[in-house]
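See below for the structure under consideration.
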Amino acid sequence: AWLAAALVGLVTAPWYVLTYRMMANGFVYSWGWRYTRLAVPFYLHAITTSLGVIGTIGFAIGLLGLVGRGTDRPFPTETSLAALVLALVVFQMLAPADLSARYLIPIVPAGIVVAAQGFARLARAVGLGRRSHRLHLAVAAALLLDAAGMFRMPHVTPYGMDAVAQAIIAAHDASNTVLAAGNDHAEGALIAAFAIADPTQRFYVLRASQELATTNFMGSQYAPRFVSAAEVAHWLQGSGIGWLAIDLSPGSVALRHNRQLLHALRSGNPEWRLVFHATGPRGEVRLYRLSGNPATSAQLRALLLRVAPPSLARRDDLVLPSAESSSDGSPTPR
């Protein structure tokens, strides 16, 4: 067993060393007791979210069986699975990425097996069952249903973003700058739609959640950038953005900067025209052409630097767009 652990460490340790700086960029907290004292109660409670209440009780019984004395000794596999669960929980209590119950999803399979063994051992101890695979399977199935009942998977597929991308491309407009406003799912959906429908990479898409608000890498610390809708309208007028797609689903409108943006669009600016909208059972999306926002060369250069990954933005040979356009409306590289 120790040889296996040494081999795993030998293979994985260099990877963690080489990628640590990249991973640490997404940490919300810092290493130390200040984070751990928040993480310990949070993740102890989050175990019940992953395994369910009954599953957590069974897991505790299984742990007691592993450390107890007697002739009913555990299998090595059960011990390894219990160690895996404990290691993952302790790791999340120490690594200061963020406080999120989803980080404990990997403990579900191993935790359910240990819990099933615990309940089966308890049943045998009180004479309710014999040592059999059927008993283990029945208990594991019940625990799996209990754990599944703890999860709440909201519908996150935005409505209409594919149609928005197609409408912008079909317009054959010279402007190639797009602002996507919505929750993280809606903004990501529009970016993905352009990645598929725009193979020439003519369009540049910004997230309103990054331009009109500030948040950390995990999205758990949010604050709007502007105080009022008037300030948002002023920023929008001088941004150089030609297209604006806004998702009006409840999750998107719940964000303050999106509400400010919606009020700004309703201000009556004649140069901001609603050119497309789609309504369906999953919400509504609107597309505006901001025709009074001609982008300058400096704005286009700044835009590409904002949307480019940090590793590319630092490159000296990064090709930036010019304010001049070719006959088909695509930017002319410098």
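The values are calculated or read from the model by the stated rules, or taken from the named source; none is laboratory data. None of these values were measured; they are calculated from a predicted model. Note that each Cβ is placed from the backbone with ideal geometry, even for glycine, and that neighbours are counted across all protein chains shown. With ligands, DNA and RNA removed, areas are computed over all heavy atoms of the protein, side chains included. Shrake-Rupley method; radii C 1.70, N 1.55, O 1.52, S 1.80 Å.
Annotations
- Extreme residue, positive dipole direction of the stretch 1-98, given options 31, 12, 81 (C-beta unit charges): 31
- Added length on full extension, which subtracts the Cα-Cα distance from 0.36 nm per residue, residue 27 to residue 277: 86.2 nm
- Multiplying the residue separation of residue 269 and residue 231 by 0.36 nm and subtracting their alpha-carbon distance yields 12.3 nm.
- Per residue, the accessible area of the stretch 223-266 comes to 41 Å² when a 1.4 Å probe rolls over the protein heavy atoms.
- When the convex hull of its Cα atoms is viewed from all sides, the stretch 178-266 shows a mean projected area of 5.9 nm².
- Share of carbon and sulfur in the accessible heavy-atom surface of the stretch 202-260 [1.4 Å probe, %]: 57 percent
- Karplus 3J(HN,Hα) series, Hz, for the stretch 8-17 with 6.51 cos²θ - 1.76 cosθ + 1.60 (x for Gly, Pro): 4, x, 5, 7, 8, 4, x, 5, 5, 5
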